[in-house]
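Take a look at the structure below.
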Protein chains: 2
Amino acid sequence: MPRTIQENRQPSQLDVARAAGVSAQTVSRVMSGQPNVRPATVRRVLAAVDELGYRVHAAAVSLASGRTRVLGVIAVSTARYSSGALSVGIETIAAAEGYTVTTALVADHASPDAFLDAFDRLERQGAEGVILLAPVTFLDNAIGARAERTPTVLMHRLTGGIGTDTVVDQAAIARMATEHLLSLGHRTVWHVSGDDYWVESRVRRQAWEQVLTEHGITPPPVIPADWTPESGYRAGRTIAAIPGATAVFVSSDEMAFGVIRALHESGRAVPEDVSIVSVDDIALAAYAAPALTTVRQPFEAVGKAAATAVIDMVEHREPRPFEAIHPELIVRASTAPPRSA
Amino acid sequence: MPRTIQENRQPSQLDVARAAGVSAQTVSRVMSGQPNVRPATVRRVLAAVDELGYRVHAAAVSLASGRTRVLGVIAVSTARYSSGALSVGIETIAAAEGYTVTTALVADHASPDAFLDAFDRLERQGAEGVILLAPVTFLDNAIGARAERTPTVLMHRLTGGIGTDTVVDQAAIARMATEHLLSLGHRTVWHVSGDDYWVESRVRRQAWEQVLTEHGITPPPVIPADWTPESGYRAGRTIAAIPGATAVFVSSDEMAFGVIRALHESGRAVPEDVSIVSVDDIALAAYAAPALTTVRQPFEAVGKAAATAVIDMVEHREPRPFEAIHPELIVRASTAPPRSA
DNA sequence: TTGTACGCGTTATCAT
DNA sequence: ATGATAACGCGTACAA
């Protein structure tokens, strides 16, 4: 005898079948809600299920059916606000469609290999689709092969290439922010950027430059930061030392808190001396001092769109026409016309 | 013939075995790093693995071995800061121990049934251990049966009962905050509570009451809120209308932003007129105006401890002696002695 | 050191 | 409407 048969195992389909006086196949039909089972039989089976405490064994289903209904998410492990909100959107849709979500975390500033490892872990787990909540331009080539066999959606991707784009138009965000400041009468707009590891940081900077150029303004040098409030604070000290600076486009609300603190410490009032527009509209944005004028990103909606897109791909549904998700400028108290205006 | 054999399927262990000229068993040994395989054989197998692009099929492993190495996390879908940081800790340990993490989200203010559903989804997925990132006192009875068969750790649980407690001592947090304010010379301390759906909100309130009582002070009425900055703002307006209020223990940093804004609008200066201590030490706490004095919770460490605890249970290791994770009072600018002192 | 023969719990296929 | 049987891909036990 090759193996001792376990005694105290979980009840299986066959146990239920015996208890209900039917075949295992009938139990299978009942559990997966197939038609062509007599109501009376269904009741008997369900009664047995209930009595034995039977639960479907996902691994067995997966092995037999070839389907796992598992979605993988690759995320960068930062405490940035966006991740949480995106996840909620993804999980909501996944649960509604009967999918389970497995997450693989990757360190911030990790190499492409770390992302591929994460991808492999998810594939081993049987992920039928993958959502990449990460900066990926540098991954395009590497990820290509896997995206061919496993439906993949890239969240931080902007145009073309692999996968479906479900992302908010980051260039539009930068344009809205910059043009708002110009329309108030500011002669130029400075920019505190995010971490260039993330695509959106680069895209926003380019769009900001372009808007200025279109208005005949030579873009001032970028003030680099890394998304954290601390880095925003350092950027703020730099700005405070620039006499002519009256308007700043800051690439995240969290950094804006730091910028404002630094300006305040240097005796520059916001918005009287310097106007600030940031990005995200986190819950605290309205409670900054002054309340932040910011470009809202509808993160949860984005998460939902991403999940819907992967599931469509997984189920070979016709991919729905891409619905743009629009950012929105929320004007609060951190912007005003310049003093001279 | 019962079933058409798939043609374009993924390579299996047997395919690798044939390509390498060994048996499937040898491939299994190589893949799981077992000893007693000749180096030359290992090389041949790995070469075949590489060539065919073979990957272990998790469902098959699970079915054959009875192990999934899957950890389940039940979380409440809020945008609160803590969830993200906790998850990072959990995933870090899980990955290091070779486990995968699956998440099941539950709506805020959901009924116990919703949690049980989530638990069931995770068990169906084969979760060998479950971490409940949720308020659970009202779940103790309901969850009991499942916690018996599936190792479970409750994050928001404080003493005794099911599971292992890995949580920060919430009563200690309230005590540190309240005593800090009293030691500055304030005659009493008001309290803006979190949402009572969450255990820590109730525990902190009780501890705050107790500290006051120990000092011979009759606790003033609680000012209820719900963790959001908006609710903090409303609580702040209430406090502003109380002439004698000079010190407030606010149950989260996010609410503290709202409280401060309301006080400021009412002409009460922080900390000159009113001192504020809050809880969490989120990244923005140091960038509030004024910078928040707050009790820091080491969320990532808590997440790590929780993951370690479940894995210990899953692997039937001796549960390590419970290491308390201590909160820490961070004194910044939102507290000062009262004017009269 | 390596190979053979089940068995894990379910679904697909065909037969009744 | 229901049942019998093979097959999914791998690990375990044992033999060689």
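The values are calculated or read from the model by the stated rules, or taken from the named source; none is laboratory data. Everything numeric in this text was worked out from a predicted model, so none of it was measured. Positions of Cβ are generated from backbone atoms using ideal geometry, with glycine treated the same way; all protein chains shown enter the neighbour counts. Accessible surface areas use protein heavy atoms only, side chains included; no ligands, DNA or RNA. Shrake-Rupley method; radii C 1.70, N 1.55, O 1.52, S 1.80 Å.
Observations on the model:
- For the range B:181-258 versus the range A:178-229, the gap between their alpha-carbon centres in whole angstrom: 42 Å
- Overall Cα dimensions of the range A:170-297, principal axis frame, Å, largest first: 33, 29, 22
- Accessible surface of chain B [probe 1.4 Å, protein heavy atoms]: carbon and sulfur percent: 52 percent
- Calculated FRET efficiency for the pair B:ARG339/B:HIS215, C-beta based, R₀ 30 Å, to 0.05: 0.90
- For a label point 7 Å along the Cα-to-beta-carbon line of B:GLU97, residues of the range B:296-320 with backbone N under 11 Å: B:304-320
- In percent, rounded to a whole number, the relative contact order of chain A is 16, using alpha-carbon pairs under 8 Å and six or more apart.
- Remark: the range A:13-65 carries a charge dipole of roughly 160 debye about the Cα centre, counting +1 on each Lys and Arg Cβ and -1 on each Asp and Glu Cβ.
- DSSP-defined beta bridges in chain B - what % are antiparallel, rounded to 5: 10 percent
- DSSP H segments from chain A that extend 15 Å or more along their own axis, Cα-based, with Kyte-Doolittle mean of 0.5 or above: A:39-52, A:81-96, A:299-314
- Scaled to the globular estimate 2.2 N^0.38 Å, the Cα spread of the protein assembly as shown, given as radius of gyration, is 1.07.
- FRET efficiency, 1/(1 + (r/R0)^6) with R0 41 Å, evaluated for A:HIS326 and A:ALA241 via beta carbons: 0.65
- Taking all protein chains into account, the per residue accessible area for the protein assembly as shown stands at 44 Å² (1.4 Å probe).
- Cα Rg, Dmax (largest Cα-Cα span) when computed across chain A, Å: 26.3, 93
- Taking the C-alpha atoms of the range B:13-65, convex hull volume expressed per residue in Å³: 71 Å³
- Shape class for the range A:177-249: oblate, because the ratio a/c of the largest to smallest gyration tensor axis (alpha-carbon atoms, square roots of eigenvalues) is 1.5 or more and b/c is at least a/b.
- Here is how far apart the B:GLU214 label points are across copies: 6.3 nm, shortest first, using a point 7 Å from Cα toward Cβ.
- At R0 = 25 Å, FRET efficiency that the Cβ-Cβ distance of A:ARG18 and B:ASP117 yields, to 0.05: 0.35
- Label-point spacing at B:ILE242 relative to the other copies reads 4.6 nm, in ascending order, each point sitting 7 Å out from Cα along Cα→Cβ.
- Accessible area buried, both sides summed, chains B and A with 1.4 Å probe, Å²: 3600 Å²
- Inter-chain neighbour count for B:255-262: the average number of beta-carbon atoms from partner chains within 10 Å of each residue's beta-carbon is 3.
- Distance (nanometres) between label positions extended 7 Å along Cα→Cβ at A:GLU148 and B:SER183: 6.5 nm
- Summing Cβ point charges (Lys, Arg +1; Asp, Glu -1) relative to the Cα centre of chain B gives a dipole of roughly 920 debye.
- For the protein assembly as shown, size of Cβ-based charge dipole, Lys and Arg +1, Asp and Glu -1, in debye: 1380 debye
- Label point 7 Å beyond Cα along the C-beta direction, distances from B:SER12 to other copies (nm, shortest first): 1.7
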